[in-house]
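Here the structure comes first, spelled out in structure tokens, and everything after it is commentary.
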Amino acid sequence: MLVLGLETSCDETGIALYDTEAGLLAHRVYSQIAVHAEYGGVVPELASRDHVRKSLPLIREVMAEAGKQLSDLDGIAYTRGPGLVGALLVGACLGRTLAWSLQIPGVGVHHMEGHLLAPMLEEEAPDFPFLALLVSGGHTQLVEVDAIGEYHLLGESLDDAAGEAFDKAAKMMGLPYPGGPELSRMAAEGDPGRFSFPRPMTDRPGLDFSFSGLKTFTRTTILNCAEDGVLSEQDKKDIAAGFQAAVVDTLAIKCKRAMKQTGVKRLIIAGGVGANASLRARLKAMAEELGGRVYYPRPELCTDNGAMIAYAGAQRLLAGESSELAVSCVPRWPMTELSPVQPHG
Ligand code: KG4
Ligand code: ZN
């Protein structure tokens, strides 16, 4: 089954062609960083307009690279939520219309299910059950995955998401948008031990997270260090390193606790923050210590992309699911509301 995947939930236009036999044939991601950079964050209306401009050219590029025609498609998958409603509507209208005009099924995919299944696109994919650490700009969740669509929430952030915390800390330090990758680059050259960042909620039981305290600690540290409101480059690097170490430590402690609590030894990491090299190395070492294993998508499939949507959609299309003709997007959509899908042979 050849499936076209469209991801337009936020500030990346992701288009991909996935074949259930041959795997990922082609994918393209257009990032809107330049559009939003001067505003220091995503401007929803500008995001929607840019998705309108970029979707069709990217579809043509992906089809050409794979040597396929629209008439070769067996199904279309588009992100239905959660995300920015205007941005979602662009992909959903396009996907639904294309599916209708080609007389093939179209399916609306949950963005976080896409992230969660992205490791399945790699050669060494995990078997079920596994634990998933979903760390993106909008979500921080620990989920037990028994099968596709069978998700049990073990813990989540009570306030900021991990990626959001990275972005806010970076902004306070005057780093350009998007802050996460930029902050992690600075952290690589800093001393993580110079400032004693807290490890929020690790000294009490449970698997929930909280990152807003790290934001406050970052703000206070900046105020204490800055001379005439200006931070030195070394201060920035040390704050970045201390901040990143605190987030990575906190996530690792909770993942270790979840693995011990459930007895599940396979852990996947997905979502934009999953591209963070320090987090990847730390979780790999932690899982191996417990006799377990970590799986993660290549960094370009951790951040938003169309391949994960094509893959997740293909599983649901194979099971006979498709969405109705009326386009509906859901800005807020708990993943636990999804229905189970029987894995195909
Ligand atoms: O999954 P994603 O691309 O979009 C959402 O669904 O939110 O995640 C984006 C988030 C942003 O907050 C970004 O700063 C963060 O992932 N991020 C990183 C890194 N790369 C992306 N955070 C830390 N280190 C990175 N290398
Ligand atoms: Zn995402």
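The values are calculated or read from the model by the stated rules, or taken from the named source; none is laboratory data. Everything numeric here is computed off the predicted structure, so don't read it as measured data. Counting neighbours? That spans all protein chains shown, and the Cβs are built from the backbone with ideal geometry, glycine included. Heavy atoms of the whole protein, side chains included, go into the accessibility calculation; ligands, DNA and RNA do not. Shrake-Rupley method; radii C 1.70, N 1.55, O 1.52, S 1.80 Å.
(1) out of contact with any Cys (no Cβ under 7 Å at 6 or more places or on another chain); (2) open to solvent by less than 10 Å² (accessible area, probe 1.4 Å); (3) within 16 Å of ligand 2 (Cβ to nearest atom); (4) closer than 23 Å to Glu324 by Cα: which one isn't true of Ala87, the others all being true?
Condition (1) is where Ala87 drops out.
Anything in the stretch 202-253 that is at pLDDT below 95 and on the phi > 0 side of the Ramachandran plot? List them, or say none.
Asp228, Gly229
Test Val109 against the criterion of being closer than 21 Å to Arg332 by Cα, aliphatic (A, V, I, L, M) and within 16 Å of ligand 1 (Cβ to nearest atom), and give yes or no.
Working: closer than 21 Å to Arg332 by Cα: yes; aliphatic (A, V, I, L, M): yes; within 16 Å of ligand 1 (Cβ to nearest atom): yes.
When the stated conditions are applied, Val109 passes them.
Take the residues in the stretch 128-139 that are crowded, with 20+ Cβ neighbours inside 10 Å and more than 10 Å from ligand 1 (Cβ to nearest atom); name whichever of them is farthest from Pro181 (Cα to Cα).
The residue in question is Phe130.
Looking at (1) of a type in the set (A, V, I, L, M, F, W, C); (2) over 24 Å from Pro334 (Cα atoms); (3) away from ligand 1 (no atom under 15 Å from the Cβ); (4) touching a Lys or Arg at 6+ places or on another chain (Cβ under 8 Å), which is the one condition that is false for Ala125?
Of everything listed in (1) of a type in the set (A, V, I, L, M, F, W, C); (2) over 24 Å from Pro334 (Cα atoms); (3) away from ligand 1 (no atom under 15 Å from the Cβ); (4) touching a Lys or Arg at 6+ places or on another chain (Cβ under 8 Å), Ala125 misses just condition (4).
In the stretch 248-267, what count of residues is obtained for those that are part of a helix (DSSP H, G or I) and either touching a strand residue (DSSP E or B) at 6+ places or on another chain (Cβ under 9 Å) or open to solvent by 50 Å² or more (accessible area, probe 1.4 Å) (or both)? First the steps, then the outcome.
To start, the set of residues in the stretch 248-267 that are part of a helix (DSSP H, G or I) comprises 248-262.
Still in the running and either touching a strand residue (DSSP E or B) at 6+ places or on another chain (Cβ under 9 Å) or open to solvent by 50 Å² or more (accessible area, probe 1.4 Å) (or both): 250-251, 253-262.
Qualifying residue count for the region: 12.
Counting only residues that are outside any loop (DSSP other than H, G, I, E, B) and open to solvent by 20 Å² or more (accessible area, probe 1.4 Å), how many does the stretch 202-221 have? Talk me through it step by step, then tell me what you get.
Our first condition is that a residue be outside any loop (DSSP other than H, G, I, E, B); within the stretch 202-221, this holds for 209, 212-221.
From what is left, the residues that are open to solvent by 20 Å² or more (accessible area, probe 1.4 Å) are 212-213, 215-217, 219-220.
Total satisfying the criteria: 7.
Within the stretch 169-178, is there a residue that is assigned to a helix (DSSP H, G or I), away from ligand 1 (no atom under 11 Å from the Cβ), free of Cβ contacts under 8 Å to residues at least 60 places away in the same chain and buried (at least 20 other Cβ atoms within 10 Å of the Cβ)?
As a first pass, look at the stretch 169-178 and keep what is assigned to a helix (DSSP H, G or I): 169-172.
Adding the requirement that they be away from ligand 1 (no atom under 11 Å from the Cβ) leaves 172.
From what's left, free of Cβ contacts under 8 Å to residues at least 60 places away in the same chain: 172.
Now restrict to residues that are buried (at least 20 other Cβ atoms within 10 Å of the Cβ): none.
No - not one qualifying residue is present in the stretch 169-178.
Which of the following residues is over 14 Å from the mean Cα position of the chain (by Cα) and on the phi < 0 side of the Ramachandran plot: Ala161, Ala118, Ala170? Spell out how you get there, then give the answer.
Details: Ala161 fails: over 14 Å from the mean Cα position of the chain (by Cα); Ala118 fails: over 14 Å from the mean Cα position of the chain (by Cα).
When all the criteria are applied, what remains is Ala170.
Do you know which residues across the stretch 24-39 are open to solvent by 20 Å² or more (accessible area, probe 1.4 Å) and either within 27 Å of Arg316 (Cβ to Cβ) or not hydrophobic (A, V, I, L, M, F, W, C) (or both)?
Here is the first cut: in the stretch 24-39, the ones open to solvent by 20 Å² or more (accessible area, probe 1.4 Å) are 24-25, 27-31, 33-35, 37-39.
Hits for the stretch 24-39 are Leu24, Leu25, His27, Arg28, Val29, Tyr30, Ser31, Glu38, Tyr39.
I need a count of the residues in the stretch 179-201 that are open to solvent by 30 Å² or more (accessible area, probe 1.4 Å) and within 16 Å of ligand 2 (Cβ to nearest atom).
So the count comes out to 1.
Here's the yes/no breakdown for (1) under 30 Å from Arg293 (Cβ atoms); (2) among the charged types (D, E, K, R); (3) open to solvent by less than 50 Å² (accessible area, probe 1.4 Å):
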site: Gly41; (1), (2), (3): no, no, yes
site: Ser71; (1), (2), (3): no, no, no
site: Gly108; (1), (2), (3): no, no, yes
site: Leu117; (1), (2), (3): yes, no, yes
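Mind checking which pairs have a first residue in the stretch 292-319 that is farther than 17 Å from Pro82 by Cβ and within 16 Å of ligand 2 (Cβ to nearest atom) and a second that is open to solvent by less than 20 Å² (accessible area, probe 1.4 Å) and part of a loop (DSSP other than H, G, I, E, B), Cβ under 8 Å, 6 or more apart or different chains?
Taking only residues 6 or more apart or on different chains, the pairs are Cys302/Gly271.
Which one of Asp167, Asp159, Asp146 is within 15 Å of ligand 2 (Cβ to nearest atom) and charged (D, E, K, R)? I'd like the intermediate steps shown before the answer.
Numbers: Asp159 fails: within 15 Å of ligand 2 (Cβ to nearest atom); Asp146 fails: within 15 Å of ligand 2 (Cβ to nearest atom).
Step by step, each of Asp167, Asp159, Asp146 is checked, and only Asp167 is within 15 Å of ligand 2 (Cβ to nearest atom) and charged (D, E, K, R).
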